[in-house]
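Just below is one structure, and these are the notes that go with it.
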Amino acid sequence: MPSPQELLHKIYGYKDFRLHQADIIQEILNGQNALVLMPTGGGKSLCFQIPALLLDGTAIVVSPLIALMKDQVDSLTQLDISAAFINSSLSSQEIYRIQNQVIQGKIKLLYVAPERLMMPDFLEFLTKIKISLFAIDEAHCVSQWGHDFRPEYLKLSELSETFPNTPRIALTATADEVTRKEIRTKLKLLDSKMFIDGFDRENIEYSIVLKENTKSQLLSFLKQQNPSSAGIIYCLSRNKVEQISEFLNYKDFTSLPYHAGLSPEIRNQNQQRFLQEEGIIMVATIAFGMGINKPDVRFVAHLDLPKSMEAYYQETGRAGRDGLPAKAWMVYGLGDLILHKKMIENSGLSSLQKQVETRKLNSLLGFCETTECRRSVLLNYFGETYPKKCNNCDSCLFPTELWDGTREAQMALSCVYRTKQIFGANYLTNILRGILDQRIQRFEHHLLPTFGVGSVHNQITWTSIFRQLVASDYLTVDIEGHGSLCLTGKSAAVLKGEQKIYFRKDLISKDVLVKTKSTTRKENYNLDEESNKIFQALKLTRMKIAKSQQVPPYVIFHDKTLIELASKRPKTLGAMLEISGIGESKLNKYGLEFLASINQTQ
Ligand code: ADP
Ligand code: ZN
């Protein structure tokens with residue numbers, strides 16, 4: 001029997017296991033259960049695929065979505081590993097045929113949805129076959145706290161009783177503690193080993209910019225990206241998704257919309273194009289998410305604030321699964337804050353749940369407003385310490401400062417108080433700046449002592465002050481009014497001069513743009529001109545093969561493999577085996593074609 005290490009090299013074409021992979025594989029080979037917590041792109045699939053290859057029988061892989069199953073089976077087929085899925089996309093004859101193959105011991109990995117797995121007929125079928133292991137992918141779906149709760153996952157606890165001697169491995173990229181605990185309890189994995197890898201996604205560059213003019217900010221962000229980069233743009237509403245997508249197409253980008261209001265056919269069609277073509281920008285609500293295994297998503301942009309740190313981490317985590325540089329970019333402003341506070345208030349949740357939601361939102365706001373390294377704040381939130389500066393987030397790349405805004409905070413709060421807590425930030429800003437408009441005149445607010453006291457600051461600064469006061473709960477939003485700001489229990493101490501207040505000096509996009517230009521951009525993965533030419537040629541070869549097989553290009557080879565091919569330019573098939581991601585099967589299938597492509601371009 002080969003060792004796991006040998007399989008890793010021979011089949012997958014990788015040199016070494018990452019972090020806990022080898023230990024996890026050994027644990028399963030020893031017949032134990034395991035819970036695996038690894039960030040997206042960490043390499044969870046190998047943890048059950050390799051034991052499945054080494055153990056007798058068929059591995060049953062529980063996966064929540066048809067798209068995920070198909071993707072994995074496509075990838076395994078490329079490696080000449082016999083894998084199949086059974087789900088509602090197949091006819092009963094096809095299902096029958098696959099079940100027969102399983103009975104004959106011809107399938108090493110069988111993917112199924114949880115609802116199918118627990119059907120009496122299917123359980124009956126399972127008792128007839130030899131099962132090597134159960135892998136429960138996306139195990140956070142068992143958690144009601146999580147973001148993708150699937151009631152059918154709860155039934156999976158029965159596996160421990162029906163198949164007490166078959167190893168079970170549950171895997172997830174969820175970083176939060178509550179969900180982890182729930183997985184352990186609900187899936188009856190309390191006694192099994194838990195393998196936790198750090199949740200840092202070091203290849204993702206985080207940045208959050210002040211929302212000024214969303215569309216033009218988005219355009220300048222997109223212009224900095226490589227035109228062949230695929231990306232996802234998240235918006236809160238269906239309407240905005242449509243608008244932004246149309247706008248981008250008008251500006252000569254290729255973009256597609258995705259939201260729950262579109263028919264399943266259109267959604268599916270758009271998703272397929274996103275997976276199979278290059279350079280597509282998907283503009284989407286959060287309905288577009290799980291099931292996106294595409295490894296080469298180069299950026300995730302948020303035009304609206306997500307609802308929590310968990311959501312932000314999940315959504316941005318869809319960028320750069322292949323480990324190559326990727327960007328998480330968000331525009332954020334006072335309007336987002338007001339909207340989210342109102343949404344919680346109007347949600348119809350119990351007051352306890354509202355408190356939980358508010359706490360979650362506040363953590364995210366703290367993250368948006370921080371002047372510290374974003375990565376350290378993000379990881380701290382998930383209980384990890386990250387003591388250094390990452391040099392791959394906007395706080396590290398373009399540091400901002402805090403300024404003592406105690407006096408300004410007093411001016412703002414007292415202006416709110418004197419105008420009876422019924423006005424919004426724009427109106428209050430005009431009073432503070434001493435701008436005598438008709439409304440101010442009508443309400444006689446130019447006679448207030450606060451009129452004009454803040455005229456040294458411009459509108460942007462005052463908006464920033466109000467935003468930060470709301471974000472840190474010195475002001476709150478009246479849900480009845482149109483964004484009227486009111487005092488909170490924390491306001492009095494500031495007004496009485498008992499507390500100092502510091503604000504972040506927001507960078508406006510003009511400043512950031514200038515600074516971005518002066519730093520080197522990680523474009524073309526540091527390939528020189530010659531290598532880049534070869535890389536582009538290899539991409540064309542890959543696209544041709546992918547099209548003929550109707551699979552996404554990344555199923556043939558990841559960009560990482562093509563980049564290594566382009567820079568090392570192997571001359572023989574033997575030398576090609578040294579490239580990461582090229583194992584024996586892929587070498588046999590595609591080696592000659594890619595060698596030719598390298599030779600012709602040189
Ligand atoms: P996850 O399911 O954790 O998001 P995957 O299992 O899809 O991640 O793996 C992400 C990528 O990393 C895949 O392309 C996979 O082939 C690759 N990978 C996994 N393990 C290794 C390894 N030990 N060495 C190199 N690449 C690996
Ligand atoms: Zn940083």
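The values are calculated or read from the model by the stated rules, or taken from the named source; none is laboratory data. Remember, it's a predicted structure, so these values are computed and weren't measured experimentally. Cβ placement follows ideal geometry from the backbone for every residue including glycine, while neighbour counts extend to all protein chains displayed. For accessibility, only protein heavy atoms count, side chains too; no ligands or nucleic acids. Shrake-Rupley method; radii C 1.70, N 1.55, O 1.52, S 1.80 Å.
Could you tell me the ratio Rg/Rh of the chain? Both radii from Cα atoms, Rh via Kirkwood.
On the way: Rg = 27.1 Å, Rh = 26.6 Å.
Using Cα coordinates only, the ratio equals 1.02.
Take the alpha carbon atoms of the stretch 1-72, find their center, do the same for the stretch 147-214, and report the distance between the two centers in whole angstrom.
If we compute the Cα centre of each part, the gap is 16 Å.
Under 1.5 on a/c is rounded, so check that first for the stretch 196-290, then, if it is not, pick prolate when a/b is larger than b/c and oblate when it is not; a ≥ b ≥ c are the square roots of the alpha carbon gyration tensor eigenvalues.
Values: a/c = 1.45, a/b = 1.13, b/c = 1.28.
Here the stretch 196-290 falls in the rounded category.
Given a 1.4 Å probe and every protein chain left where it sits, what share in percent of the accessible area of the stretch 114-260 is carbon and sulfur? Can you show the working numbers first?
Values: 3260 of 6560 Å².
Taking all protein chains in place, the stretch 114-260 shows 50 percent carbon and sulfur surface.
For the stretch 265-305, what class follows from the C-alpha gyration tensor (a ≥ b ≥ c being the square roots of its eigenvalues): rounded when a/c is under 1.5, otherwise prolate if a/b is larger than b/c, else oblate?
On the way: a/c = 1.68, a/b = 1.23, b/c = 1.37.
Oblate.
Provide the net charge surrounding residue 379, with neighbours chosen by a C-beta distance below 14 Å and charges set as Lys +1, Arg +1, Asp -1, Glu -1. Walk me through the intermediate numbers first.
Values: positive: 201, 374, 375, 388, 389; negative: 176, 177, 197, 200, 202, 310, 372, 384.
Charge balance in the 14 Å sphere: -3.
Quick one: length gained pulling residue 547 to residue 479 fully straight, 0.36 nm per residue minus the C-alpha distance? Walk me through the numbers before you get to the answer.
Numbers: separation 68, 0.36 × 68 = 24.48 nm, distance 5.24 nm.
Using 0.36 nm per residue and subtracting the Cα-Cα distance, I get 19.2 nm.
What is the distance in Å between the Cα centroid of the stretch 294-359 and that of the stretch 440-471?
Each part reduced to its Cα centre gives a spacing of 30 Å.
Which value in deg cm²/dmol, rounded to the nearest 500, describes the helix-derived mean residue ellipticity at 222 nm for the chain, given -39,500 (n - 2.57) per DSSP H run of n ≥ 4 and division by the residue count? Present the calculation step by step, with values, prior to reporting the outcome.
Values: 28 runs with 274 residues, N = 602.
The per-residue figure over the chain is -13500 deg cm²/dmol.
Given C-alpha coordinates of the stretch 1-115, what is the ratio Rg to Rh with the Kirkwood estimate of Rh?
Working: Rg = 14.4 Å, Rh = 15.0 Å.
Ratio of gyration radius to Kirkwood radius: 0.96.
Treating the beta-carbon of each Lys and Arg as +1 and of each Asp and Glu as -1, no other charges, what is the dipole magnitude of the stretch 309-362 about its Cα centre, to the nearest 20 debye? Before the final figure, lay out the partial values.
On the way: 8 positive and 6 negative charges, 11 e Å.
Charge dipole of the stretch 309-362: 60 debye, to the nearest 20.
Viscosity 1.002 mPa s, temperature 20 °C: Stokes-Einstein D of the stretch 243-359 from its Kirkwood Cα radius, in µm² per second? Provide the component values of the computation, followed by the final result.
Details: Rh = 15.9 Å.
Taking Rh from Cα pairs, D becomes 135 µm²/s.
What are the ³J(HN,Hα) values, in whole Hz, obtained from phi via the Karplus relation 6.51 cos²θ - 1.76 cosθ + 1.60 with θ = phi - 60°, for each residue of the stretch 72-77 in sequence order, with x given for Gly and Pro?
Running phi through 6.51 cos²θ - 1.76 cosθ + 1.60 with θ = phi - 60° gives 5, 5, 4, 5, 5, 4 Hz.
Can you give me the accessible area per residue for the chain, using a 1.4 Å probe, in Å²?
On the way: 27000 Å² over 602 residues.
Normalised by residue count, the accessible surface of the chain is 45 Å².
Which whole-number percent gives the relative contact order of the chain, counting Cα pairs below 8 Å spaced six or more residues apart? Please report the intermediate quantities before stating the final value.
Values: 980 pairs, mean separation 84.4, N = 602.
Taking the mean separation of contacting Cα pairs over the length of the chain, I get 14 percent.
Measuring from centroid to centroid over Cα atoms, what is the spacing of the stretch 108-126 and the stretch 527-587 in Å?
37
So how strong a dipole does the chain carry about its Cα centre when Lys and Arg Cβ are +1 and Asp and Glu Cβ are -1, to the nearest 20 debye? Provide the component values of the computation, followed by the final result.
Details: 72 positive and 65 negative charges, 152 e Å.
With Lys and Arg at +1 and Asp and Glu at -1, about 740 debye.
Could you size up the charge dipole of the stretch 7-90 around its Cα centre, putting +1 on the beta carbon of Lys and Arg and -1 on that of Asp and Glu, and report it in debye to the nearest 20? Display every interim value, and only then the final one.
Details: 5 positive and 7 negative charges, 29 e Å.
With only Lys, Arg, Asp and Glu charged at Cβ, the dipole is about 140 debye.
Calculate what fraction, in whole %, of the accessible area of the stretch 356-410 sits on carbon and sulfur atoms when a 1.4 Å probe is rolled over the protein chains.
Working: 1220 of 2530 Å².
The value for the stretch 356-410 is 48 percent carbon and sulfur by accessible area.
Just going by the charge dipole of the stretch 214-285, with Lys and Arg at +1 and Asp and Glu at -1 on Cβ, which of 263, 234, 276 is farthest out on the positive end?
Toward the positive end, the furthest listed residue is 234.
Provide the per-residue ³J(HN,Hα) series for the stretch 228-240, in order, calculated from phi with Karplus coefficients 6.51, -1.76, 1.60 and θ = phi - 60°, each as a whole number of Hz, with x at glycine and proline positions.
Those phi angles translate into 8, 7, 8, x, 10, 10, 9, 10, 7, 10, 4, 4, 5 Hz.
Would you mind telling me the share, in percent, of accessible area of the stretch 287-327 contributed by carbon and sulfur at probe 1.4 angstrom? Display every interim value, and only then the final one.
Values: 360 of 780 Å².
Answer for the stretch 287-327: carbon and sulfur cover 47 percent of the accessible area.
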